[in-house]
Amino acid sequence: MHTIFHLAYQQYKHHVKKKGFLLSLFLFLFLAINLIPHHTAEYATFYFGNYTGAPSAAWLGSLGAVLCNTVLLIIGFFFLEGNYQQKIQQGIGRLIRSTAASNSTILWSQWLSNVFTLLTFLALLIATLFLSNLSVFIQDGFHLFTFLKPFALLSLPFIGILAAFVLLIDTSIKSRVLRIILFMVLFLTVHTMTNPTFIPFLDVIGFNELTSIVKQELLAQQLIDNETGYGIGYITNKKDLQYIDWSFTNWTLHLMPKLFTLFCLGLLIQLKAFFFGRYKINNSILPTIKKEIPLSSPKGISTTRQWKGIDSITPSQQWIYLWFQEWKLLQKLFHPIAIITIIALWIAAFYATETIVSYMITPAMMLLALPLYSRFFNSIAQNNLANLFLTSSYHPVLQAGIKISIATFINILLLIPIFKYQIPLEIGITTIAFLLLSITALISTRYRALKLFEIAYIVLFISYTNGSPLLPLY
């Protein structure tokens, strides 16, 4: 068991360090948070007839768990899919193959690492959903168990099922196209065409289960009839809807079918161990080693390196020179499309309303500016330049100060459109806030905690899109 957890943790760290992790996290949180409307939002996403749920811990937890599973189904699959072949190509599979661990241990550790990754997405969503609706929980009496119960009964079994499904098709099918086709056929069919009354084992997401419970309570109150249907989608006019408090006490009735489905997938994983290729290397993907032919030196050209005298090298001490060099480095860290998009949004912000600028355009610009923290502050570690900078003629404090000044300047520059709605005092507070944000980012690189800062940064500005920022910076 210790070996399984150790291998799972190492593979989990590999997942978190992947380039697509932050992008997948952004897409997941953005879609999930906006599908679960804030209690002050002007739209609804789930309704049954003319009724929808009143803001409460039970409603946020129930709707949050079901819609979270729906989004996690897509994002989680495409993030985890292909890891098996990727490890073979990167050589990581050779290390796992050479271990004394059995096939069963390797497969279960891979499943557990998938579970850990999906749980990371779920935990961040729960924290964001809770903090952004804190006023609802205060009024509702902090019924945290009621809020977390649907996630425990719906999301946790679903995560185990999704992790097992991805593992089985990832280790069995080499073609990525076939894996995607199989995923679309199985899971999207299950999501849209099953009926929990007749086939409860296939309702792994819980969406049909949610509609069934809501319909039963509305029928018991004689508010609808059997012909009334439900809908999912954006309704911008909430005045036409009536709010109902739902208790959602019947979730446990449908737990056993999900656990049975997970048990069956576990048996398939154990059976797969007898036929597991154990990261077998395909000779076709190995690099071809070409024999290098030594070249003779051209006539008339000296091959002796001419060194300048050390006394002739004069290191620059001008801080302005370092500032321009850091600025050039920053420009190369951004993709040209990202730069063009930021400029277009910045110009559009001068012509948009305060609400659109505050909760849509500005958060979008800040999220596009994430490389300012993920690459610019961490450029030394990413390019293995630590030893080079130790010999620099510039003091480390000056180097850090210039990076902070550039980051703060860009942040304030992006906020200029919003300043037309702010009073001077708030402008000063915003400047200080982004200065502290830059300092925090730089400190996190020193203690190798930049990934946590990046995650917090994404969560912070995604919360603006829901109309209730976790930490108002402007």
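The values are calculated or read from the model by the stated rules, or taken from the named source; none is laboratory data. What you see is a predicted model, and the numbers here were worked out from it, not measured in a lab. For neighbour counting, all protein chains shown are included, and Cβ atoms are generated from backbone atoms with ideal geometry for every residue, glycine included. Please note that ligands, DNA and RNA were not included when accessible areas were found on the heavy atoms of the full protein model with its side chains. Shrake-Rupley method; radii C 1.70, N 1.55, O 1.52, S 1.80 Å.
Going by amide H atoms built from the backbone, whose H comes under 5 Å of the H on Y51, apart from near neighbours?
Q242
So if we plug the beta-carbon distance of A100 and V397 into 1/(1 + (r/R0)^6) with R0 = 41 Å, what FRET efficiency do we get, rounded to 0.05?
Taking R0 as 41 Å, the efficiency between A100 and V397 is 0.25.
At 0.36 nm per residue, and after removing the present C-alpha to C-alpha distance, how many nm does the segment from L452 to H2 gain when stretched out fully?
So the chain would gain 159.4 nm between L452 and H2.
Which value in nm describes the separation of the simple spin-label points at K272 and I356, placed 7 Å from the Cα toward the beta carbon?
4.7
Where the centre of each part is set by its Cα atoms, how far does the stretch 159-180 sit from the stretch 417-474, in angstrom?
Rounded to whole Å, the Cα centres lie 38 Å apart.
Give me the extension gain from L333 to N226: residue separation times 0.36 nm, minus the current Cα-Cα distance, reported in nm with one decimal.
32.7 nm
On average, how much accessible surface per residue is there in the stretch 113-170, in Å², for a 1.4 Å probe, leaving out ligands, DNA and RNA?
Per-residue value: 32 Å².
How large are Rg and Dmax for the stretch 79-232 when calculated on the C-alpha trace, in angstrom?
In Å, with Rg to one decimal and Dmax whole: 20.1, 65.
Could you tell me the calculated FRET efficiency between E426 and V185, based on Cβ-Cβ distance and R0 = 60 angstrom, to the nearest 0.05?
0.65
According to a simple spin-label model (label point 7 Å from Cα along Cα-to-Cβ), what is the distance in nm between S405 and L259?
Going from the L259 label point to the S405 one covers 6.3 nm.
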